[in-house]
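Comments concern the structure below.
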Amino acid sequence: HCGIYRNRPDAKAVVHAHPKWSTFLTMVGEPYKPVYAQGSLVYPVPVLDSPNSINTRAMAEKLAQVLGKRPAALMKSHGAVTVGHNIVEAFTLATYLEDNAYRQYMAMQIGKPYEFDTRELALCREKLWNGGLFQRTWDHFRAKLK
């Protein structure tokens, strides 16, 4: 987290997780594709080409460089990281990333998934990059804990 915070003053929250479906994609070298509206918000998703833990300053810097200005990055055979202006945004983007990866994987079982084009990506970002929608997703998952 420190490497990202050092390189991204706009990032006020970082989520590092080990999600199943998006990690599977990295295990076989399959790129993350925007196949689902919410999942398109983090596209394109760069991949850190190392399964090593991010437990040294050098690895943290590598991850921060791979992430760049993007809201998300994957780590090969390891996990994912998302950033946001607050924890709600970072968490919600993590859930969108994983939901898209699951849908991509499932679609690949029956054929070649449809990928959103540039115009569709722009429309999704315009409509779905929304604090109110992020809060509803956060509230949905929070309610499931009760």
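The values are calculated or read from the model by the stated rules, or taken from the named source; none is laboratory data. Note that the coordinates shown come from a computational prediction; the quantities given were computed from them, not determined experimentally. All Cβ positions, even for glycine, are placed from backbone atoms using ideal geometry, and neighbour counts span all protein chains on display. These accessible areas exclude ligands, DNA and RNA; they are computed on the full protein's heavy atoms, side chains included. Shrake-Rupley method; radii C 1.70, N 1.55, O 1.52, S 1.80 Å.
Computed quantities for the displayed model
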{"quantity": "Estimated 222 nm signal from helices in the chain, with DSSP H stretches of n ≥ 4 weighted -39500 (n - 2.57), rounded to 500", "calculated": "-15500 deg cm²/dmol"}
{"quantity": "Burial ranking of peptide ranges 125-134, 96-105 (average Cβ count within 10 Å, highest at the top)", "calculated": "96-105, 125-134"}
{"quantity": "Estimated distance in nm for a label pair at ARG142 and GLU120, the labels positioned 7 Å out from Cα along Cα-to-Cβ", "calculated": "3.3"}
{"quantity": "Rg(Cα)/(2.2 N^0.38 Å) for region 32-92, N = residue count", "calculated": "1.13"}
{"quantity": "Surface accessible to a 1.4 Å probe, SER77 within the full protein complex, Å²", "calculated": "60"}
{"quantity": "Cross-link reach list, lysines versus LYS62, counting only Cα pairs under 17 Å and skipping chain neighbours closer than eight places", "calculated": "LYS76"}
{"quantity": "Where Rh is the Kirkwood radius over Cα pairs, Rg/Rh for region 72-135", "calculated": "1.00"}
{"quantity": "Percentage, to the nearest whole number, of Cα pairs in the chain over 28 Å apart", "calculated": "16"}
{"quantity": "Carbon + sulfur, % of accessible area of the chain - ligands and nucleic acids excluded, 1.4 Å", "calculated": "57"}
{"quantity": "Within straight-line cross-link reach of LYS69, lysines at Cα separation under 30 Å, skipping those fewer than 8 residues along the same chain", "calculated": "LYS12, LYS20, LYS33, LYS112, LYS127"}
